[in-house]
Every structure is written in structure tokens, then in C-alpha cells.
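Student: Here it is: the structure, laid out below.
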């Protein structure tokens, strides 16, 4: 993968069309939502998939998954394997390596000051959704705009307002309630990637200790992940939302006519 020739001409015209379609989808997402980062496509790879790759990927840099996601959002193409993944928690989440006992027991989370007790840390780890060990040999990350294979999951790392519209677009025609799943740990790998892939749902997360320590995610950003097969409907619904609801909310007209200085403050109680 690293060192493979780039710009290979695809013989499969349909695949070229799909790549063009994904480029247009990414552009539409960025435009409607006003994203600063690229939407990222994530693909879980088997050994057989390797021979189908034509682009050049960084598969040597030691990296955490959250760091690879950050870089893909900035334009990089990365493949994570058991040889270059440096985070044991995400390695286990993707089935690339077994979960170390220090994590399984909750001891590491206790040592990091994330939970009050060993039992709490252990329970958090027991609740993590993970892929079966050995089911996939690698994880490919690429900007959605030029990903060469159909991704399994799309991940957005952005402001809550952007994630709000994306989430609303996912239920625009159904009105169902969304139920997000997080332990506020392993936010990028489990919450935004594995859960959408395994459970086939939209999932949003506030981030976690790891990604906020190891990446450039802003204090004002979170993440949403969803199966790629949802993207067409989400985009169509975002277009509908952008016709009325979105511009009205963004104009803040109701706020502009609100004059708090004219509102008598309630007396404080002690």
C-alpha cells in the first residue's frame, strides 16, 4: 500500500462513477453543513481487499485511531493494521489485537482518573461494542471525497450544530427518537465507528479523554458516525432542511428580537 503507484486508471467504469458520486456527496455535506474538516470514510478490510487498493496509503506511521481520523479529516489516506496501531483499546475494538487485561479489568481507566472505582472502569469496558477478533485485518481511512472503495461508515468531526442537523436529517422522514451510546471513552473508535457499523445506527458522541488528549479536536467539537448506506437519504433530507429550518435557525431572528435587559430578573433565593 505505501509505495504503490497512485493515479492508476480504473478499468471498472462503474467504480469510477461511484468515486465521482462520493466526491459530490462529500462536497454537498461540507457545503450544507459548513464543515471545516473533510467527512471521513472508514472501510474495514480483509486480506482479500488489499489487492483491490490502487491509491497510496500511510500504513507505517504508528498511530492511534483518533489520530488517523484527525489526519483523514485533513486529507490523508491511512491504513491501520496490528502493526502500526498504537492504542490497545482501539486495536481491540477493531478486532486487530486482544484486549489487554489492564484495560479489561478497568485498572487503566482507574489509573487515568476516569472512573471512581475498579468496578466502574471494568463495567465501562464490558459495555464496549467490538468487532470479532480477526474478522478484519485492517481499517482504511480516507477523506470521503476521494475514497476509492465504498466505505462502511462515514464519520463527521465537527461542531454540535453540524451534528445536530445531520442527526435530524437521519430521522427527518420518520420522527423516531435517537438513542446515542457512549461511555465517554473510546469515542472515535467505538462510538463513532464500530457502533454505527455493527448496529447500523447513527451515533453521536461528545469525545473522550483519549481523542481530546491526542488530537486537535476542539473543545467545541464532537463526532457523529453513521453507516454509509444512510448517506444518500441524509443528504436528501439535509437539502430539505436547508430550504427553511436551517437558515431560519442560523439567522437567530428570535434571539435578535429578544431584549434580556427588559426582562425583570427573578429574585435570588438562598
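Every read-out reported here was derived from the displayed coordinates using simple, explicitly stated rules and does not represent laboratory data. These numbers come from a predicted model, not from an experiment. Cβ placement follows ideal geometry from the backbone for every residue including glycine, while neighbour counts extend to all protein chains displayed.
Student: Determine, for each peptide in 198-205, 232-239, the mean count of other beta carbons within 10 angstrom over its residues, then list the peptides with the highest first. Don't skip to the end; give the middle numbers.
Tutor: Values: 198-205: 18.8, 232-239: 16.4.
Averaged packing, sorted descending, gives the order 198-205, 232-239.
Student: Taking each pair of distinct Cα atoms in the stretch 105-240 once, what is the resulting Kirkwood hydrodynamic radius in Å?
Tutor: Working: mean 1/r = 0.0622 Å⁻¹.
This gives a value of 16.1 Å.
Student: Roughly how many nanometres apart are two label points built 7 Å out from the Cα toward the Cβ at residue 102 and residue 212?
Tutor: 2.3
Student: Additional query: Once you sort the root eigenvalues of the Cα gyration tensor of the stretch 26-122 as a ≥ b ≥ c, which label holds: rounded (a/c under 1.5), prolate (a/b larger than b/c) or oblate (the other case)?
Tutor: Working: a/c = 2.81, a/b = 1.51, b/c = 1.86.
It is oblate, given that a/c is not under 1.5 and a/b is not larger than b/c.
Student: Given the options 224, 193, 174, which has the most mean-square fluctuation in a GNM of the chain, springs set between C-alpha atoms less than 10 angstrom apart?
Tutor: Of the options given, 174 has the highest mean-square fluctuation.
Student: Build a GNM of the chain with springs between Cα atoms under 10 Å: which of 54, 162, 179 gets the top mean-square fluctuation?
Tutor: Among 54, 162, 179, the largest GNM mean-square fluctuation belongs to 179.
Student: While we're here: Would you mind calculating the gained length between residue 181 and residue 27 on full extension (0.36 nm times residue separation, minus the Cα-Cα distance), in nm to one decimal? All intermediate terms of the calculation are to be shown ahead of the outcome.
Tutor: Values: separation 154, 0.36 × 154 = 55.44 nm, distance 2.83 nm.
Computed gain between residue 181 and residue 27 is 52.6 nm.
Student: I would also like to ask the following. Between residue 61 and residue 146, with labels modelled 7 Å along Cα→Cβ, what's the label distance in nm to one decimal, could you check?
Tutor: Placing both labels 7 Å beyond Cα along the Cβ direction yields 1.5 nm.
Student: Using R₀ = 35 Å, calculate the FRET efficiency as 1/(1 + (r/R₀)^6) where r is the Cβ-Cβ separation of residue 18 and residue 253; round to 0.05. Provide the component values of the computation, followed by the final result.
Tutor: On the way: r = 41 Å, r/R0 = 1.17.
Approximately 0.30, to the nearest 0.05.
Student: Additional query: Given the options 94, 44, 115, which has the most mean-square fluctuation in a GNM of the chain, springs set between C-alpha atoms less than 10 angstrom apart?
Tutor: 115
Student: Please report, for the Cα atoms of the stretch 13-250, the Rg to one decimal and the Dmax as a whole number; what are they, in angstrom?
Tutor: 17.6, 56
Student: Along Cα→Cβ, 7 Å out, is where each label goes; now give me the distance between the ones at residue 119 and residue 34 in nm to one decimal.
Tutor: Output for this residue pair reads 4.8 nm.
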